[in-house]
Amino acid sequence: MNRPASLVRRLTLTLSLAVGLAWLAAAAAGAWVIRRELAEALDGALQETAQRLLPLALDTLITLEAAPEAGEEGRTQRVRRAARVAEHGERVVYQLRDAAGRVLLRSHEAPEAPFPVPLARGFAEGGGLRIYTEPAISETLFLQVAEPLAHRRDAALWASFLLLAPLLALLPALVLLARRVVRWTLRPVETLAAEIAVRDEHRLEPVGRPDLPRELAPIAASVDRLLARLGRALASERAFARAGAHELRTPLAGALAQAQRLAAELGPGPVRDRVVRIEAALARLRRLVEQVLDLARAERSASRPDAPVRLGPVLRLVLDDLGRAGLPVGRIALEGDPATLVGRIDPDAFALILRNLLENALRHGDPEGPVVLAVDAPGRVRIRNPGPALPPTLRADAPAPATAATGGTGLGLLIARTAAARSGARLALVSPLPGAAGGVEARIALPT
């Protein structure tokens, strides 16, 4: 499965690439300008060198011509003597030539062969050299000053490298800086995502804020409109459920009383058995209506007390209420001291949690096994019962409502979980029990 693309990674790479390409473009333009300016500066220096060197070369030539040697051999010897200077590196070399092209005078590193360029004023290239020719004495003598082209290329390459070297050295820092800038820029997006993530059916307040960036404001406004529509829909459903449950309680109580009276008046027989089954169905329907009302109570925001509340009396009242409802509370085995049970929770919310969990354990657990109600610490309660394991849909954080497949436990768990979430308590279910094939354990951690 492909991992989702990271917006931070994408923007970091894009920003780094854009800065890198801009730097490369600027470096290329700078290298072109440097190469052009460097060529102009070196050409000017080459011309200036030729013009300053020409008088000196002519004086040297006149001195050599006055020497006693004669003939071609003597000329050769004079040129060689003129070239005998202390050894040193030369970036610029020269030759003084006559109109016939013969070399009359040269620097010690200049080639003995004439430069392969015409004898005419100006610049020319040949033999890997950049050569400037300056004529003298009615173009009977020519001074040619030359510089290796490789020197110019090396200078241009070195200047280009110095322009690119900072980019290569600072590229990791550039990527890290771009990542930090992108994360800082996207912080409002992360904040908005976190605000949306905590919204649920109990928290439907708007997520829009005045300090949101202009680009995120339409998203926040759309989410706020969606939350408002969801809030109205949920409020309508809850109002309908509460009103319907209240309206059903009285006729259901009357129908149940009539069925009980009719069952008592009839003698044994199939008609009485049918009335008894009708009575049981009405009793289940009445309990379902009561659970709907309990769910409406659980969904209301529960106020949290400023100080821990002693919950031992609440536990006793829940046990008495279950006994009056006809449930076998004698199967409940109490462990620990209820007097030590305290928590910063609304007593009504705690009673809803405890009653629905105990009722599920008594109704749907093993009828022959005990239901353990353990007070482990001042703010921790466990309810454990043997029996079948819970279906996966009920072990999830948001159980499905009661159905025939779940045996009627789903609505009770939904009430308990809703009341726990609204009051700040934590409810965890373990099923099957460790080392067993079945059983359920509910662990309640109260806010303290």
Suppose every K and R has +1 on its Cβ and every D and E has -1 on its Cβ; what is the size of the dipole of segment 303-445 about the Cα centre, in Debye to the nearest 20? 240
In nm, the gap between the two label points placed 7 Å beyond Cα toward Cβ at Leu170 and Ala221 is 4.1
If the label point is 7 Å along Cα→Cβ of Glu40, which residues in segment 128-167 have backbone nitrogen under 17 Å from it? 156
Calculated from backbone phi, Karplus (6.51, -1.76, 1.60) coupling profile of segment 6-18 in Hz, x at Gly/Pro: 8, 5, 4, 5, 5, 5, 4, 5, 5, 5, 5, 5, 5
Using a Förster distance of 22 Å, the FRET efficiency for His151-Trp32 (Cβ separation, nearest 0.05): 0.70
In Å³ per residue, the alpha-carbon convex hull of segment 303-445 encloses 102
Label point distance in nm, Gln47-Ser236, each placed 7 Å from Cα along Cα→Cβ: 9.0
One finds the C-alpha centres of segment 414-440 and segment 108-176 to be spaced, in Å, by 86
Give me, ordered by chain and number, the residues 5 or more places off Gly369 or on other chains with an amide H under 5 Å from its own placed amide H. none
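Suppose the chain between Ala136 and Leu186 were pulled fully straight at 0.36 nm per residue; how much longer would it get relative to their current alpha carbon spacing? Present the calculation step by step, with values, prior to reporting the outcome.
Values: separation 50, 0.36 × 50 = 18.00 nm, distance 7.38 nm.
Residue separation times 0.36 nm, minus the Cα-Cα distance, leaves 10.6 nm.
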If I model a spin label at Arg199 and Ala333 as a point 7 Å from the Cα along the Cα→Cβ vector, what separation in nanometres do I get? 4.9
Check Leu334: other-chain or 5+ apart residues with amide H under 5 Å from its amide H, H built from backbone geometry? Leu373
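No lab work stands behind these numbers, since they all come straight from the coordinates. Please read these numbers as outputs of a predicted model, since none were measured by experiment. Reconstructed Cβ throughout: ideal geometry from the backbone, glycine too, with neighbour counts over all protein chains shown.
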